[in-house]
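The values are calculated or read from the model by the stated rules, or taken from the named source; none is laboratory data. This is a predicted model, so every value here is computed, not measured. Because the Cβ atoms are built from the backbone with ideal geometry, glycine has one as well, and the counts that use them run over all protein chains shown.
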Amino acid sequence: MAKIIPACSALAQCVAGIVIACELLGGTTLQAQGSKPSEYQVKAAYLSNFGKFVEWPSRIRPARDEPFTVCVIGQDPFGDAMEAAVAGETVGRARLVAKRIERLADAVTCRIAFISSSEDSQLKAVLAAIEKASILTVSDMPQFARRGGMIQFVLDGNRVRFEVNLDAVRRVGLNLSSDLLKLALAVRSN
C-alpha cells in the first residue's frame, strides 16, 4: 500500500509556495496578460519550469547546443499556451522548446513529456516506451500518478496543483528538488 507523505503545514506551504511560484511562473507571458490565466496556461507555465527543479542522471548529457524539449504526447490541449510559456526560457544554458509528438519513438528526445488524456487507454504502453529515456512524465488524466506517471496535475478548487509519484521518479533515476516537493498536494511513495 502506498503511503501519502504530507507536503508540509499550511503556513510553511504558503511561504514556500510564494517563493517557488515566483520562480515557476516567473518570466512567462502570464504576468503581462493582466487577466486570470487559463487552466492550460498555468499548466504550460509549470511544464516550462519543472526542469529547473529536476536533476537528471549523469548518463543524460545533452549536447552543448541541444535544446531542452518539453513535449506533448497525444492531442494537444495547450494551443499557443505552450509556445508562450517556453518562449525565451532556459533550463541551465539550454533553451526551452515545445514539441508535439506524433510517433512515440520520437519522444526519446524529450526531457519533459506531457501525456494527453487522449492516450489514457494506451498509458501503460506509452510509459513503458519512454521509461528508459529518463523523461519526466506529467499528465492531467485521472489516476495518472497511481498508474505509474510521475507528476499529475489536479484541480484543487479553481487552482492547478499537482501530485507526485516519487517511486516512478526514482525508478528512472530522476531527483526532484525538495522545493518542488513542498508545493505538491501529495507525494506518494511506497
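So the values come out like this:
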{"read-out": "Selected residue [outside any loop (DSSP other than H, G, I, E, B) and modelled with pLDDT under 90] from LYS132, LYS124, LYS99", "value": "LYS132"}
{"read-out": "Selection status of VAL172, at pLDDT below 95 and among the β-branched types (Val, Ile, Thr)", "value": "yes"}
{"read-out": "ALA98 without any contact (Cβ under 8 Å) to a residue 40 or more places away in the chain, surrounded by 21 or more Cβ atoms within 10 Å (Cβ to Cβ), in contact with a helix residue (DSSP H, G or I) (Cβ under 8 Å, 6 or more places away or on another chain) and within 24 Å of PHE53 (Cα to Cα)", "value": "yes"}
{"read-out": "Selected residue (criterion: surrounded by the fewest Cβ atoms within 10 Å (Cβ to Cβ)) from residues of region 142-170 that are part of a strand (DSSP E or B) and β-branched (Val, Ile, Thr)", "value": "VAL154"}
{"read-out": "Any hit, region 140-149, residues being more than 23 Å from GLN75 (Cβ to Cβ) and out of contact with any helix residue (DSSP H, G or I) (no Cβ under 9 Å at 6 or more places or on another chain)", "value": "no"}
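Yes/no per residue for (1) closer than 19 Å to THR109 by Cβ; (2) in contact with a Leu (Cβ under 7 Å, 6 or more places away or on another chain):
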{"site": "VAL126", "(1), (2)": "yes, yes"}
{"site": "ALA133", "(1), (2)": "yes, no"}
{"site": "THR137", "(1), (2)": "yes, yes"}
{"site": "ARG147", "(1), (2)": "no, yes"}
{"site": "MET150", "(1), (2)": "yes, yes"}
{"site": "LEU155", "(1), (2)": "no, no"}
{"site": "PHE162", "(1), (2)": "no, yes"}
{"site": "ASN165", "(1), (2)": "no, no"}
{"site": "LEU174", "(1), (2)": "yes, yes"}
